[in-house]
Amino acid sequence: MLDSQTCLELRKLYDQDAHFRSRIVMQRHGFGSGEYKYFSNPLPDVIAGFRQGFYERLAPFANGWNERMGLDRRYPPELDSFLAECHGDGQTKPTPLLLKYGAGDYNCLHQDVYGAHLFPVQLVILLSESKTEFEGGEFVMTEQRPRMQSRAEVVSLGIGDGALFAVNDRPKAGSRGDYRVKMRHGVSRIRSGERLTLGIIFHDAK
Ligand SMILES: O=C(O)CCC(=O)C(=O)O
Ligand SMILES: [Fe+2]
């Protein structure tokens, strides 16, 4: 999705505090080990462009999911309209973020829910090159099926690759119709080197 040069430029933003509204040290919150920073508005162009473009393509898909899950919520076709709904209920803070992990760091399984307004799909883009710049640090998802034990899926990403994944619930087709599964995501331990990612969450935060 992004060429290596753009990945490098985005990585460099990490140390430019003017771009960010807050920095989170994951150990302090029990989120894992490593750190991340939430961008402030205005978002860098490439990130704003991805957020808007993907939202527009995903909104009909998200509406299809909600229909299958029997949820009334429908997402408007434009990101601005969706964000206006978030802002109207106090979810005003931008959520795109850069995450940075060093050797020994990891991201515990979690869900990026920041309030009642929730867009059900999010995007992560790997900004570092696996094998050469870091080892370990695999993106992991777990799927919790009703009355069953969780199942894990590892998504191997190359530099500039992105993964779209479910924020929390998603429908799954079963032999007796759709049922709901609960998804979580995280990152396995980085064994060496440094790994940065760009996370694009579509709902804003309180
Ligand atoms: O670093 C990663 O691959 C996962 C980041 C993450 O949790 C997110 O983008 O929400
Ligand atoms: Fe996350």
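What FRET efficiency comes out for V46 versus S156 if R0 is 25 angstrom and r is the Cβ-Cβ distance? Round to the nearest 0.05.
On the way: r = 23 Å, r/R0 = 0.94.
Between V46 and S156 the formula returns 0.60.
Using a Gaussian network for the chain with springs between C-alpha atoms less than 10 Å apart, which of these wobbles most: R74, R145, R176?
Greatest mean-square fluctuation among the candidates belongs to R176.
Along the positive direction of the dipole of the stretch 4-200 (beta-carbon charges: Lys, Arg +1; Asp, Glu -1; about the Cα centre), which of S156, S188, A18 reaches farthest?
So the residue furthest toward the plus end is S188.
Determine the distance separating the Cα centre of the stretch 168-206 from the Cα centre of the stretch 1-59; give it in Å without decimals.
17
Please give me the summed charge of the neighbours of R195: other residues whose Cβ is under 14 Å from its Cβ, Lys and Arg +1, Asp and Glu -1. Show your work: numbers first, answer last.
On the way: positive: R11, K100, K131, R189, R191; negative: E35, D105, E129, E133, E135, E138, D161, E194.
Once all neighbours under 14 Å are counted, the net charge is -3.
Could you tell me the accessible area of K100 in Å² (1.4 Å probe, neighbours in place), rounded to the nearest ten?
K100 exposes around 50 Å² with every protein chain in place.
Got a sec? What order do F31, F20 fall in by accessible area at 1.4 Å, biggest, i.e. largest, first?
Details: F31 85, F20 25 Å².
My answer, sorted largest first, is F31, F20.
Using a Gaussian network model of the chain whose springs link C-alpha atoms within less than 10 Å, name the residue from E133, E35, E85 with the highest mean-square fluctuation.
Taking springs between Cα atoms under 10 Å, the residue moving most is E133.
Largest first, how would S22, S150, S156 line up by accessible area (1.4 Å probe)?
On the way: S22 35, S150 70, S156 95 Å².
The most accessible residue leads, giving S156, S150, S22.
Roughly how many nanometres apart are two label points built 7 Å out from the Cα toward the Cβ at T132 and Q5?
1.6
Report the charge-dipole magnitude of the chain in Debye, nearest 20, computed about the Cα centre from +1 at each Lys and Arg Cβ and -1 at each Asp and Glu Cβ.
In total the dipole reaches around 840 debye.
Taking the Cα atoms of the stretch 13-119, what is the range of coordinates along each of the three principal axes, in descending order and whole Å?
Here the spans come out as 42, 29, 24 Å, largest first.
List the lysines whose Cα sits under 16 Å from the Cα of K172, skipping any in the same chain fewer than 8 residues away.
K182
Give the calculated FRET efficiency between K12 and D80 to the nearest 0.05, with a Förster radius of 22 Å applied to their Cβ-Cβ distance. The partial results should precede the final answer.
Details: r = 29 Å, r/R0 = 1.30.
It comes out at approximately 0.15.
List the lysines whose Cα sits under 25 Å from the Cα of K37, skipping any in the same chain fewer than 8 residues away.
Reachable lysines: K12, K93, K100, K131, K206.
Going by accessible area, probe 1.4 Å, with all protein chains left in place, what is the ranking of I24, I201, largest first? Working shown, then result.
Details: I24 30, I201 0 Å².
Putting I24, I201 in descending order of accessible area: I24, I201.
The values are calculated or read from the model by the stated rules, or taken from the named source; none is laboratory data. The model shown is predicted, which means the values in this text are computed figures rather than measured ones. Reconstructed Cβ throughout: ideal geometry from the backbone, glycine too, with neighbour counts over all protein chains shown. Remember, those area values only see protein heavy atoms, side chains included, never the ligands or the DNA or RNA. Shrake-Rupley method; radii C 1.70, N 1.55, O 1.52, S 1.80 Å.
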